[in-house]
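The block underneath contains the structure these notes are about, expressed in structure tokens.
The values are calculated or read from the model by the stated rules, or taken from the named source; none is laboratory data. Please read all numbers here as calculations on a predicted model, not as lab measurements. Heads up, the Cβs are rebuilt from the backbone with ideal geometry, glycines too, and the neighbour counts pull from every protein chain shown.
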Amino acid sequence: MKAKVSLVKEFKIGDVDPNLFSSFIEQLGRAVYTGIYEPGHPTADSQGLRGDVMNLVKDLRVSLVRYPGGNFLSGYDWKDGIGPKDKRPVRLDRAWHTIETNEFGIDEFVDWAKKSGTQVLAAVNMGTGTPQDAGDMVEYCNYPSGTYWSDLRIANGHKEPHNIKYWCVGNEMDGPWQICHLDAVDYGKKALETMKIMKWTDDSIKTVVCGSATTDIPTYPEWDRIVLEHTYDYADYISIHRYYENFGNDDDFLASFYDMDKFIKTSTATCDYVKAYKRSNKTMMLSFDEWNIWYQQNQKPHPWEKAPRLLEDKYSLLDALAFGGLAITLLNHADRVKVACLAQLVNVIAPIFAEPGKGAYRQTIYWPFRDISLYGRGVSLQPVVTSDKKITDKYGEVPAVIFASVYNEETKEISIFALNTSKSENSETTIDLRSFSNTKMIMRTELTGTDLSAQNSLENPDKVAPSKVELSEGDNGIYTLNLKKASWNVIRFSAE
């Protein structure tokens, strides 16, 4: 099997926004409790924040972390999570059928984010919440002092404003599973009035309105059009969400990138239609603020309890490869996808897994996310690709090898991410960099193996991990490589 990718410095897709490397923590399962927060853990600090988990988050260089939800958001009163912990109410979380103690809230999360080297993408309740509640939360978090809510924040131990700049206006309000689900017209009207209050409180913030939660819902993409017709002037982004899982056909699963690509293109086209309809000069950007591999078919009923083990998918090498295809797709749409949140970050469908009282380890999907976060910053280039095709039952003919490429103009380095989706054939791959001067391969790694079902664990944390590959010499800017079957590859070059 053969593939060729050619890069031309002037063929730019767009600047890669650092917020493309963001994630998500929801008050769900063990994401917070025994995930990022576990008083008494051997690595916990004075606030009960787990240091081992924090170190892994820092290693990922996550830009934003969305909080507190998620489905949890639509029944959550943010005021329950502030003030003295012994006076905070214990509530039923009806979204996930759990008991929420509220001992962890927005102030604690902001402290965790600062210690973890990341920023907060806060979310306001558009289910049971009101526009006034949202405005009050912005005032509590961002207004300096001298008002009821800002002075309450100061009294709660945070003299300086949190200065949260990014805000989600609800979560998946198109979904009938959502508490106080709304139709598109009602949500659009409520979101508009909510954003007015939020931005009149702090005109520096950026807001994300709810787009479609999945391509499978009957209202997609009409929901997005209607919502944007109401909110276009006030919104800065519209969200899209999508998860993938393996239903038994590995070739279909490895081609999940094909579906994500179509989703982004359709959402972009919907935004541009509304732009034309509104006669607007503003181009609406996308916030892909939930994406991942998630085995939703594995969900089971459970009793009411605090922080149960929910959605704790254990990821395989095959999952990591499919994940890599999604990551490549995001980079190849860097012109319009400006925020992307890997959902989620710890324990719950997450790259980091932590056991109570014990250690934490990297799941297989940690590695491709880390690769794009470390080496995918710069300008996304449009790769000119020729690749052998493969036939899938679900998507028909798709490329067997896919690529994304990023040029960092400051460091003069090129990073190429390549996924060979074939389980049976290596790919003889040619990389043509003649558009650049004096290129030299400086790094090459691959994530592959003979057992696609292999998983990492606390006992064997590095069973699936990338390995270094011998560097190749170029011939006047042309490099020939062998990409192993079923492999995720990172190839980096210096250039003048």
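The rows are residues; the columns are (1) acidic (Asp, Glu); (2) within 13 Å of the chain's Cα centre (by Cα).
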{"position": "Phe11", "(1), (2)": "no, no"}
{"position": "Pro18", "(1), (2)": "no, yes"}
{"position": "Ser23", "(1), (2)": "no, yes"}
{"position": "Gly29", "(1), (2)": "no, no"}
{"position": "Tyr37", "(1), (2)": "no, no"}
{"position": "Leu56", "(1), (2)": "no, no"}
{"position": "Asp59", "(1), (2)": "yes, no"}
{"position": "Pro68", "(1), (2)": "no, no"}
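Residues in region 140-197 that are in contact (Cβ under 8 Å) with a residue 40 or more places away in the chain and acidic (Asp, Glu): Glu172, Asp174, Glu193. Within region 224-243, the set of residues being surrounded by 23 or more Cβ atoms within 10 Å (Cβ to Cβ) and either part of a helix (DSSP H, G or I) or touching a helix residue (DSSP H, G or I) at 6+ places or on another chain (Cβ under 8 Å) (or both) comprises Asp224, Val227, Leu228, Thr231, Ala235, Ile238, Ile240. Given the criteria among the charged types (D, E, K, R), in a loop (DSSP other than H, G, I, E, B) and over 19 Å from Ala31 (Cβ atoms), does Arg279 qualify? Answer is yes for this residue.
Of all residues in region 41-53, none that is closer than 14 Å to Phe109 by Cα has its Cβ atom under 9 Å from the Cβ atom of a residue that is modelled with pLDDT under 95 and surrounded by 17 or more Cβ atoms within 10 Å (Cβ to Cβ), 6 or more apart or on another chain.
Only one entry in Lys390, Lys423, Lys440, Lys485 is touching a residue at least 12 places away in the same chain (Cβ under 8 Å), surrounded by fewer than 22 Cβ atoms within 10 Å (Cβ to Cβ), of a type outside the set (Asp, Glu) and in contact with a Gly (Cβ under 8 Å, 6 or more places away or on another chain), namely Lys440. In the condition set (1) within 16 Å of the chain's Cα centre (by Cα); (2) crowded, with 20+ Cβ neighbours inside 10 Å, Leu317 is compliant with all but (1).
Determine whether region 99-110 contains at least one residue that is among the hydroxyl-bearing types (Ser, Thr, Tyr) and touching a Cys at 6+ places or on another chain (Cβ under 7 Å). Taking every residue of region 99-110 in turn, none turns out to be among the hydroxyl-bearing types (Ser, Thr, Tyr) and touching a Cys at 6+ places or on another chain (Cβ under 7 Å). Taking every residue in region 266-279 that is touching a residue at least 24 places away in the same chain (Cβ under 8 Å) and pairing it with any residue that is among the hydrophobic types (A, V, I, L, M, F, W, C) and assigned to a helix (DSSP H, G or I), at least 6 positions away or on another chain, the pairs with Cβ-Cβ distances below 8 Å are Thr270/Leu228; Cys271/Leu228; Val274/Leu228.
Every condition in (1) buried (at least 22 other Cβ atoms within 10 Å of the Cβ); (2) out of contact with any Cys (no Cβ under 7 Å at 6 or more places or on another chain); (3) assigned to a helix (DSSP H, G or I) is met by Asp80 except one, and the failing one is (1).
Quick check on region 391-399. Is at least one of its residues among the aliphatic types (A, V, I, L, M), outside any strand (DSSP E or B) and not assigned by TED's automatic domain parsing to the domain that holds His333? Among the residues of region 391-399, not one is among the aliphatic types (A, V, I, L, M), outside any strand (DSSP E or B) and not assigned by TED's automatic domain parsing to the domain that holds His333, which makes the answer no. Against the definition (buried (at least 18 other Cβ atoms within 10 Å of the Cβ) and among the β-branched types (Val, Ile, Thr)), how does Val185 come out, yes or no? For Val185, the condition - buried (at least 18 other Cβ atoms within 10 Å of the Cβ) and among the β-branched types (Val, Ile, Thr) - is not met.
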